[in-house]
Amino acid sequence: MGEMTGDQIARFAYLALLGAAVAGWFFAQNRDSMGKTLQQAAIWVFLFIGTIAAVGLWTDIRGDIAPRQAVMEDGTIEVPRAEDGHYYLTLQINGTPIRFVVDTGATEMVLSRADAKRVGIDPDNLAYLGNAYTANGIVRTASVRLDSVALGPITDYDLRAVVNEGDLFGSLLGMGYLDRFDRIEIEGGRLVLHR
C-alpha cells in the first residue's frame, strides 16, 4: 500500500474525531453501567471494522465478479464472457466511452439512439434510409461517420457506423469493426482480439 495522501489523512482525522466525540458522549451517558457500555462499544467497533473490511474486500474482488476488458503486453485485447453469456467491449467513440455487446451476426457497428446522442450525433436529424433485419423484424438505420474509435491502444479514424431508429437496448459491435482485427479467438470463456 502507498503513502496516504493529504485528503486521506484529513478524512481519517475527521472520522477519528467524530468517533471520539460519539464514544465520549456514549460513555458519559452510560457511566453508571460501564460493563454494558463497553460491551455495546465493542459491538459497534466490530461492526465498523467489518464494514471497512467488506469495502476493502469488494475493491479487491470486484474485478473477479464483474471482470473487465484488458490490454495485454503484446497489444492484444482480452475480454471475459459476462454472466449473461455475452462479450462486452467499451470503446471510446469520439472520446466518449460506449459499451458495446459483441455481435458477430451484425454486419455493422450499430449505435443506439441514446449512445449516438452521447457521442455528439443528433439522432432526430438523421436520414434513416437503410434497413437492418433483426430478430424483432426490420428496423430503419441511418449511416454515420465516427471521427475516432479507440479500443485500448488501437485508434481508428473516420469509421462508418449506423444508428438504429428503433428502441435498441444498447449498441452492437458488428463485423464492420471486428473485421479490422487480424484474428479473433474465443477460448476458455475469453474473447481475444489480435491486430
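The values are calculated or read from the model by the stated rules, or taken from the named source; none is laboratory data. All figures in this text were calculated on a predicted structure; none of them were measured in a lab. FYI the Cβ positions are ideal-geometry reconstructions off the backbone, even for glycines, and counts take in every protein chain you see.
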Inset, instruction - Could you tell me which numbered condition residue 108 fails, if it satisfies all but one of (1) within 20 Å of the chain's Cα centre (by Cα); (2) within 18 Å of residue 166 (Cα to Cα)? - result: (1)
Inset, instruction - May I ask you to say which residue of 150, 116, 161 is surrounded by 17 or more Cβ atoms within 10 Å (Cβ to Cβ) and in a strand (DSSP E or B)? - result: 161
Legend entry - First in region 153-166 and more than 17 Å from residue 116 (Cα to Cα), second anywhere and among the charged types (D, E, K, R) and at pLDDT below 95, Cβ under 8 Å, 6 or more apart: 154/195; 156/180
Inset, instruction - Pull up region 164-193, narrow it to residues that are part of a strand (DSSP E or B) and under 22 Å from the mean Cα position of the chain (by Cα), then point me to the one that is surrounded by the fewest Cβ atoms within 10 Å (Cβ to Cβ). - result: 186
Legend entry - Hey, residue 128 assigned to a strand (DSSP E or B) and over 21 Å from the mean Cα position of the chain (by Cα) or not: no
